[in-house]
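Visitor: Have a look at this one before I ask anything.
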Amino acid sequence: MSDPMAAPEEVHLLSGGAALELHWQHGQRSRIDSDVLRGACGCAACQALRQRGETVAGTGVTLTGAELAGVGALQLFFSDGHNRGRYPWRYLRDLAEPSGAGGD
């Protein structure tokens with residue numbers, strides 16, 4: 001099993017920002033829809049919204065960019081202007097839907 005703290009080998013925005021694809025060690029790939037990522041933002045503002053029972057973001061939000069945030073996370077940029085959350089590698093693994101290995 002791969003180290004859950006290890007960074008992916010590649011990160012790609014797919015389908016006009018509709019999803020994030022991560023290529024991990026040993027050929028494992030993960031895909032996470034942008035709506036899932038936006039709804040899972042861990043910044044203080046989004047946590048406060050969730051605690052009040054409010055929706056973090058509507059549907060149809062896409063990814064517009066991604067940058068390294070230190071050595072252990074990504075900072076994601078969304079079409080609704082939000083860019084405060086950091087997504088550690090382990091958190092991204094937990095959110096991901098595995099899509100197999102290699103060129104499947």
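Since every read-out is calculated from the coordinates, none of them should be taken as a lab result. The model shown is predicted, which means the values in this text are computed figures rather than measured ones. Here the Cβ positions follow ideal geometry from the backbone for every residue, glycine too, while neighbour counts run over all protein chains shown.
Visitor: Would you please name the residue that is nearest to L63 (Cα to Cα), looking only at residues in the stretch 17-35 that are touching a residue at least 40 places away in the same chain (Cβ under 8 Å) and more than 15 Å from the chain's Cα centre (by Cα)?
Guide: Step by step, filter the stretch 17-35, then rank; the result is Q28.
Visitor: Which count do you get for residues in the stretch 45-88 that are in contact with a Gly (Cβ under 6 Å, 6 or more places away or on another chain) and among the aromatic types (F, W, Y)?
Guide: Qualifying residue count, the stretch 45-88: 1.
Visitor: Can you name every residue in the stretch 51-89 that is of a type outside the set (A, V, I, L, M, F, W, C) and in contact with a helix residue (DSSP H, G or I) (Cβ under 8 Å, 6 or more places away or on another chain)? Quick ask: steps written out before the conclusion?
Guide: Our first condition is that a residue be of a type outside the set (A, V, I, L, M, F, W, C); within the stretch 51-89, this holds for 51-55, 58-60, 62, 64-65, 67, 70, 72, 75, 79-88.
Matches in the stretch 51-89: T55, T59, G60, T62, T64, G72, S79, D80, H82, R84, G85, Y87.
Visitor: Okay, moving on. Say we look at the stretch 8-34 and pick out the residues that are in contact with a His (Cβ under 7 Å, 6 or more places away or on another chain) and acidic (D, E); which of these is farthest from L76 (Cα to Cα)? Can you show your working first?
Guide: Here is the first cut: in the stretch 8-34, the ones in contact with a His (Cβ under 7 Å, 6 or more places away or on another chain) are 8-10, 21, 29.
Right, trim to acidic (D, E) and you get 9-10, 21.
Values: E9: 17, E10: 15, E21: 13 Å.
Applying the filter and picking the extreme gives E9.
Visitor: Hey, could you check the stretch 61-93 for residues that are aliphatic (A, V, I, L, M) and under 11 Å from L37 (Cα atoms) and say which is surrounded by the most Cβ atoms within 10 Å (Cβ to Cβ)? Explain how you work it out, then say what you get.
Guide: The initial filter retains those residues of the stretch 61-93 that are aliphatic (A, V, I, L, M), namely 61, 63, 66, 68-69, 71, 73-74, 76, 92.
Imposing the further condition that a residue be under 11 Å from L37 (Cα atoms) reduces the set to 61, 63, 76, 92.
Numbers: V61: 21, L63: 22, L76: 26, L92: 23.
The qualifying residue surrounded by the most Cβ atoms within 10 Å (Cβ to Cβ) is L76.
Visitor: A follow-up question, please. Out of all the residues in the stretch 4-58, which are under 15 Å from A96 (Cβ atoms), exposed (fewer than 12 other Cβ atoms within 10 Å of the Cβ) and of a type in the set (D, E, K, R)?
Guide: E10
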